[in-house]
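Below is one structure; the comments refer to it alone.
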Amino acid sequence: MGSIGRPMKRVEDRRLVTGRGEYVDDVPAPGALHVAIVRSTYAHARILGIDATAALALPGVVAVVSAADLGAANGPFPHPTWFPPHPPLAKAVDPFTRPERIWLLAAERARFAGEPVAAVVATDRYLAEDAARAVIVDYEPLPVIATAEQALAPDAPLLNPEWGDNIAVHFVIGAGDVDQAFEDADIVVRRTLRHGRAICTPIECRGVVAIPDRRSGDLSVWSSSQQPHWLRDALERTLRMPGDRIRVVAPDVGGGFGLKSMVYPEELLIPRLALHLKRPVKWIETRRENLASATHTRDQVHEIELAVDRDGTIRGLRDRFVIDGGIGSVESIVVPYTTACHLPLAYRIPTMRIECTVAVTNKAPSAAERGAGRPEAAFALESILDEAALALGMDRAAFRLHNALRIDEMPHDHGILYRDGTPLRLDGGDFRGDMSDALARLDYDTWLAEQAAGRTEGRLLGIGLAGYIEGTGVPPFEAANIRLDPSGRVIVSVGPPSQGQGHQTTLAQIASEYLSVPVELIRVIQGDTYAFPSGGGTIASRVIVVVGNAVAAAAIELREKILAAAGDQLEVAPADLEIRDGSVVAKGAPDVSIALTTLAARVTPGIGRMGSAGPGLEARGGFQPPTVTFGTGFHAAIVEVDPDSGLVTILRYVVVHDCGRLINPAIVDGQVIGGLAQGVGNGLFEELIYDEQGQLLTGTFADYLIPRATDLPTPIVIHKETRSERNPLGVKGVGEAGTVPGAALMLGAVRDALGQAGAGLATVPVTPGRIVTAIQAARAAGVPVGHAG
Amino acid sequence: MYPPAFTYHSPATLDEAIGLLARLGPGAKLLAGGASLIPLMKLRLVEPTDLVDLGRIPDLASIEEVDGHVRIGAMVRQADLLRSPVARSLALLGDACSVIADPSVRNVGTIGGNLSHGDPANDHPAIMLALEARLIARGPAGERTIAAADFNLDLLQVALAPDEVLTGIEVPLPISGQGTAYVKFERQVGDFALAAAAAVVVLDGGLVTEARVAFTNLAPTPVRSPAIEAALIGRAPDRATIAEAAQALVEIDPWADLRATAEVKRAMARAVAERAIRLAVERARRGVQS
Amino acid sequence: MSEHAIRVRVNGEDHTETVESRLLLVHFLREVLGLTGTHIGCDTTSCGACTINLDGRAVKSCTLFAVQADGHDIRTIEGLEDGDVLHPLQEGFREQHGLQCGYCTPGMIMAALPLLESNADPDEATIRTAISGNLCRCTGYAQIVTSIQWAAAALRGEVVATDADADPVWQPAAGPPGY
């Protein structure tokens, strides 16, 4: 029996359920010095001076380091995760984007509250924290840019005076004659929609341990990172040390969700301090630091309009959206462009024009986190679809079904480009079918009746509907090494690390499928630049597509080598051999066989003899994705709103999800359900709120709420498997898809529950405060609560 | 995450604790369960010179009936209070103890700590107001009782002298016809209340003869509403009467915060009051000892 | 500042150590005793990654000073296995894919343990409430709930762990190299 498609238990789990995981804070670092970081208390201020005298006098303090102490080593450096648009996109769309820079510590200016200003190094973290409070920073406050709106005002203070404005990114994309379509259409609906600022907060915060090797002068760095190879490259540039002398390891990582895909100042600073002090140095982020200084995401305002005909046919889409990028959009156009090109989802929208502006403000920097701009796209589009259906007097589901792309319309070209500059062509997936399956499983019609009945008793039931597409498996290409060890075990090494996705199981399942070696005997090594020197990171739902296919290619090649080597030994043509139960066996002659262990020993360098398989049973495979492959799906939910408290209870949640071929259905379930929890978080709970002075008001988990077990139902998840034709395995990525529709779904459901009284709801998270405010406003205006419209 | 240095004391007796407080001065603080204090210390919002741990003093964690009262020791943990008979005879205590913080925090948090902290977002202060409980404090001069109404002075300020220890709470035993309830709107488990209300009603012959309603987290201290109470006394508490009484609330002037505007909180206060009164009346009618 | 000799029983073993008054229990477990299975995820007692059992109850070890644990009995995730045999809760999380990154998992298991010790067959709502002080960012909780249900069923003797252990088990090479 093959291994692909089985919900196998994970090979990772025995360690993790017994407390034997090794997260960065668990990495042994005897004699390590501990760092506490002094962070700017101002959102925008000139740093006039730093007085560390009192701090240095405290017990255990080894050093207090500021930008001045680091000199040229402090930067600024080109930001390691910023890159220009892909040439084909640059040629066709020419997005305006400004290069970002990174400083290890704030130099002349602090640009957001929470930016690192100085590092206190002590023998113990408690002592380091004591001393951090004794460091006196002399700030001269500067005008604060607190919102994107302020940033774009004509007389705004400038975050980067050399720019001349506060615009980090700007572009327009389009298809067809949208203005004509708007003129011709029967109805135009408009809406201003706000998606709050959010952060994906893995439960493990960030952390870095750097250990210099006394003998060689080489450096080992453990970081809770999704991008160890990019970090290695960034360290090579900032430390001016050859990359082969820097080992970066992402050990067990306690969740990433994009937050750990960026290269952070602290990840460059701690290794620098370790080299300087010639001691192991360790910094573990606190949650307050995490919320204030790790990258933020979402925070988009869309002015969206849709042109439709009376029969429900969509004619065109126009959207202008602005992103509050904080001090910088440190992954360049990733989020803005991903939002823009996912806006049409899988609806038939013949004409469109989408304009995006990213403004810089005095807040933490922004980057891609789970969904990477797609949740905002689904939020904007699905919300305007609800409004259009209402304006037309059509059922919301019927309106969507009318415009949803059918599988027989695939591949469908939206007439715009994907971020890699290739035409955005949906490659299969039955979006309309996903939708109708979800509606059926939800019992949509029954709930419509239930809702109507509830309204007569003052019960506010709402139905949420939202779909998604997700371009997954983004280039660059990846490679994998695989070898058969004389012990009979297969060792697979790849670059990108895991943050809980279970790659050590799924990649082993893929290797097992082609080698007929049981998963128990396959070990996957990842996230260590010394074990595998390259990798583009575990981001963008790409690993199973890009790395998975590389592992498959490597396994196929290893199988050929095994059969060739066995052919030599057994004097049988390789084509007449197969691998079965730990041996290579002649087809139809089971007693002509050789155990894999014996075979490996006979051809392994150092103990064996080189045969036709070459120097050892080892192979390397790679996969270059042609472009992304699109997952599709649809979510539907029933909520009940308590009109007095504004509290929302999710009564039922249905997911229809198509990520192509399933490698491990249990793991896919986990990704989808975990994803939707974050979407619900965006929809109902999560919001980073700053005041007008740029101070973060939701700076702890007591204020920044994320969903708890009591906030979510057990969803119904239906898998469909439309295999991708863009990779040999037929897989599509799954990491982010579950998150994409959540915010749209929650707003739509609450708005539906409130009926006419919900017309003013246009912001997520749709919190109790916002809901009750809407109800109060409706009552004051004589608008009924919970009546259709 | 890394609290400041302090000196730890673990007195074996109450007198020893009081002596320590007197000797150490205002920089010293009592440590009960630590559920409120330790997070504040970890954020370095509170930096006491000394902590005097009440955890090793015997007899502060008992619940006893004495002379028509239930005496709840200050060190009784929320989880133990929830499982005790008094949480059934005074149902609002059970209501509250299942919504304070989260289940793991309730295993360490104490009723005395919850009250002494003086935080209007804590749940017990409003309950004690509605129950007309008496708080028992002991200091160098001996024991005194403080009416719940006199206990909360202002935000994070209570009527305990720096060298006094809250040792317990005396709550009147329920009388015939009494019903109680505590209703809280919270965004999720562990969050402080959007609004919460404690209600105690006594019915006689179908009419309300006593009513006390108090609110959590809507003012610097817990607040009672004589206006609501007056609107209930002498009336048959049907739905309409209760709804109308809840609207009579005038005593609070909530502030806006990240959770909601003042206007929304005012509406929520009325809503929780209405629900708490309704539940208390139901319980009174069911004759559930409560 | 003060230092105190404390004696605690951790996973059945007595430890006597001298600790600074401000040392949090979670740091004592992790750094003094080396029990790094107990994790830290917030500053505000919100996330429950540090949940352990103190005298048989689930508590958050980031919100206790080590000195407060003097004389008490502690159980951490490292104390659940019986030799090589996993506790049914540990087995349940593996069976039902109740973990992804694994960071919240020890806390989740330690929050669920006292529940199962007092309730042989908790329903979904009871389980969700019992773990409501524990945040998980990966799973959306559904598979955690079924993991705990699986463990309850295993403790009742109704289910046993499926198929072979999927962990890598090293087998020595079959024989001497032959050439």
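The values are calculated or read from the model by the stated rules, or taken from the named source; none is laboratory data. As the structure is a computational prediction, the values presented were derived from the model and not from experiment. Reconstructed Cβ throughout: ideal geometry from the backbone, glycine too, with neighbour counts over all protein chains shown.
For every residue, the table says whether it meets (1) more than 29 Å from residue A:201 (Cβ to Cβ); (2) out of contact with any Phe, Trp or Tyr (no Cβ under 8 Å at 6 or more places or on another chain); (3) surrounded by fewer than 22 Cβ atoms within 10 Å (Cβ to Cβ).
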{"residue": "A:352", "(1), (2), (3)": "yes, yes, no"}
{"residue": "A:358", "(1), (2), (3)": "no, yes, no"}
{"residue": "A:376", "(1), (2), (3)": "no, no, no"}
{"residue": "A:381", "(1), (2), (3)": "no, no, no"}
{"residue": "A:392", "(1), (2), (3)": "yes, no, yes"}
{"residue": "A:400", "(1), (2), (3)": "yes, no, no"}
{"residue": "A:406", "(1), (2), (3)": "yes, no, yes"}
{"residue": "A:410", "(1), (2), (3)": "yes, yes, yes"}
{"residue": "A:421", "(1), (2), (3)": "yes, yes, yes"}
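Return a yes/no flag: does segment A:715-733 have any residue that is surrounded by fewer than 24 Cβ atoms within 10 Å (Cβ to Cβ), at the interface with chain C (Cβ under 9 Å from one of its Cβ atoms) and either over 29 Å from residue A:325 (Cβ atoms) or among the charged types (D, E, K, R) (or both). For segment A:715-733, residues surrounded by fewer than 24 Cβ atoms within 10 Å (Cβ to Cβ), at the interface with chain C (Cβ under 9 Å from one of its Cβ atoms) and either over 29 Å from residue A:325 (Cβ atoms) or among the charged types (D, E, K, R) (or both): present. Kindly check whether there is at least one residue in segment A:472-484 that is in a loop (DSSP other than H, G, I, E, B) and surrounded by 24 or more Cβ atoms within 10 Å (Cβ to Cβ). Yes: one or more hits. Among the residues of segment A:319-337, is any in contact with a Phe, Trp or Tyr (Cβ under 8 Å, 6 or more places away or on another chain) and within 20 Å of residue A:743 (Cα to Cα)? Yes, some residue in segment A:319-337 is in contact with a Phe, Trp or Tyr (Cβ under 8 Å, 6 or more places away or on another chain) and within 20 Å of residue A:743 (Cα to Cα). Screening the candidates A:631, A:621 for the property of being in contact with a Cys (Cβ under 6 Å, 6 or more places away or on another chain), in a strand (DSSP E or B) and either within 14 Å of chain B (Cβ to nearest Cβ) or under 30 Å from residue A:675 (Cβ atoms) (or both) yields one hit, A:631.
Yes or no, residue by residue, for (1) closer than 30 Å to residue A:99 by Cβ; (2) out of contact with any Lys or Arg (no Cβ under 6 Å at 6 or more places or on another chain):
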residue: A:302; (1), (2): yes, yes
residue: A:348; (1), (2): no, yes
residue: A:351; (1), (2): no, yes
residue: A:355; (1), (2): yes, no
residue: A:359; (1), (2): yes, yes
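The rows are residues; the columns are (1) more than 30 Å from residue A:129 (Cβ to Cβ); (2) touching a Lys or Arg at 6+ places or on another chain (Cβ under 8 Å); (3) within 11 Å of another protein chain (Cβ to nearest Cβ); (4) of a type in the set (S, T, N, Q).
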residue	(1), (2), (3), (4)
B:9	no, no, yes, no
B:13	yes, no, no, yes
B:26	no, no, no, no
B:70	yes, no, no, no
B:79	yes, yes, yes, no
B:89	yes, no, no, yes
B:106	no, yes, yes, no
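Looking at residue A:761, is it free of Cβ contacts under 8 Å to residues at least 40 places away in the same chain and either crowded, with 22+ Cβ neighbours inside 10 Å or hydrophobic (A, V, I, L, M, F, W, C) (or both)? It is true that residue A:761 is free of Cβ contacts under 8 Å to residues at least 40 places away in the same chain and either crowded, with 22+ Cβ neighbours inside 10 Å or hydrophobic (A, V, I, L, M, F, W, C) (or both). Looking across segment A:668-711, just one residue is among the hydroxyl-bearing types (Ser, Thr, Tyr), facing another protein chain (nearest Cβ under 8 Å) and out of contact with any Asp or Glu (no Cβ under 8 Å at 6 or more places or on another chain), and that is A:710.
Residues considered: C:41, C:34, C:102. Of these, the only one that is at the interface with another protein chain (Cβ under 10 Å from one of its Cβ atoms) and under 21 Å from residue C:149 (Cα atoms) is C:102. Starting from residues that are on the phi > 0 side of the Ramachandran plot and more than 14 Å from every other protein chain (Cβ to nearest Cβ), keep the ones in segment B:182-227 and report whichever is surrounded by the most Cβ atoms within 10 Å (Cβ to Cβ). For segment B:182-227, the residue satisfying everything is B:206. Looking at residue A:222, is it within 14 Å of another protein chain (Cβ to nearest Cβ), touching a Pro at 6+ places or on another chain (Cβ under 8 Å), at pLDDT 95 or above and over 23 Å from residue A:682 (Cα atoms)? It is true that residue A:222 is within 14 Å of another protein chain (Cβ to nearest Cβ), touching a Pro at 6+ places or on another chain (Cβ under 8 Å), at pLDDT 95 or above and over 23 Å from residue A:682 (Cα atoms). Criterion first (free of Cβ contacts under 8 Å to residues at least 12 places away in the same chain, over 29 Å from residue A:171 (Cα atoms) and charged (D, E, K, R)) does residue A:69 satisfy it? Considered against the rule, which asks whether it is free of Cβ contacts under 8 Å to residues at least 12 places away in the same chain, over 29 Å from residue A:171 (Cα atoms) and charged (D, E, K, R), residue A:69 comes out as yes.
Among the residues here, residue C:12 qualifies as surrounded by fewer than 18 Cβ atoms within 10 Å (Cβ to Cβ) and over 13 Å from the mean Cα position of the chain (by Cα). Restricting attention to segment A:646-667 and to residues that are within 11 Å of chain C (Cβ to nearest Cβ) and touching a Ser or Thr at 6+ places or on another chain (Cβ under 7 Å), the residue that is surrounded by the most Cβ atoms within 10 Å (Cβ to Cβ) turns out to be A:664. Of everything listed in (1) crowded, with 24+ Cβ neighbours inside 10 Å; (2) out of contact with any helix residue (DSSP H, G or I) (no Cβ under 7 Å at 6 or more places or on another chain), the single unmet condition for residue A:750 is (2). If you go through segment A:433-471 and keep only what is in a strand (DSSP E or B) and within 30 Å of residue A:409 (Cα to Cα), you end up with A:463, A:464, A:465, A:466, A:467, A:468, A:469, A:470, A:471. Every test in (1) touching a residue at least 12 places away in the same chain (Cβ under 8 Å); (2) surrounded by 21 or more Cβ atoms within 10 Å (Cβ to Cβ) is passed by residue C:78 save one, and that test is (2). Of the residues making up segment C:145-179, just one is at pLDDT 95 or above and within 7 Å of another protein chain (Cβ to nearest Cβ), namely C:145. Looking at A:734, A:680, A:672, A:717 in this structure, which one is touching a residue at least 12 places away in the same chain (Cβ under 8 Å), assigned to a strand (DSSP E or B) and within 23 Å of residue A:467 (Cα to Cα)? Of A:734, A:680, A:672, A:717, the one residue that is touching a residue at least 12 places away in the same chain (Cβ under 8 Å), assigned to a strand (DSSP E or B) and within 23 Å of residue A:467 (Cα to Cα) is A:717. One residue is enough: does segment A:537-549 have a residue meeting the conditions in a helix (DSSP H, G or I) and over 26 Å from the mean Cα position of the chain (by Cα)? No, segment A:537-549 contains no residue that is in a helix (DSSP H, G or I) and over 26 Å from the mean Cα position of the chain (by Cα).
Every test in (1) in contact with a Pro (Cβ under 9 Å, 6 or more places away or on another chain); (2) closer than 28 Å to residue A:324 by Cβ; (3) of a type outside the set (A, V, I, L, M) is passed by residue A:770 save one, and that test is (1).
Taken over segment B:36-55, the criterion of being more than 10 Å from chain C (Cβ to nearest Cβ), buried (at least 22 other Cβ atoms within 10 Å of the Cβ) and assigned to a loop (DSSP other than H, G, I, E, B) is satisfied by B:54 alone.
Kindly indicate the residue of segment B:243-290 that is away from every other protein chain (no Cβ under 13 Å) and among the small types (Gly, Ala, Ser) and also surrounded by the most Cβ atoms within 10 Å (Cβ to Cβ) among those meeting that condition. Once the filter is applied, the top-ranked residue is B:280.
The lone criterion from (1) surrounded by fewer than 24 Cβ atoms within 10 Å (Cβ to Cβ); (2) touching a helix residue (DSSP H, G or I) at 6+ places or on another chain (Cβ under 9 Å); (3) not in a loop (DSSP other than H, G, I, E, B) left unmet by residue A:299 is number (1). The single residue among B:236, B:240 that is in a loop (DSSP other than H, G, I, E, B), modelled with pLDDT of 95 or more and exposed (fewer than 15 other Cβ atoms within 10 Å of the Cβ) turns out to be B:236.
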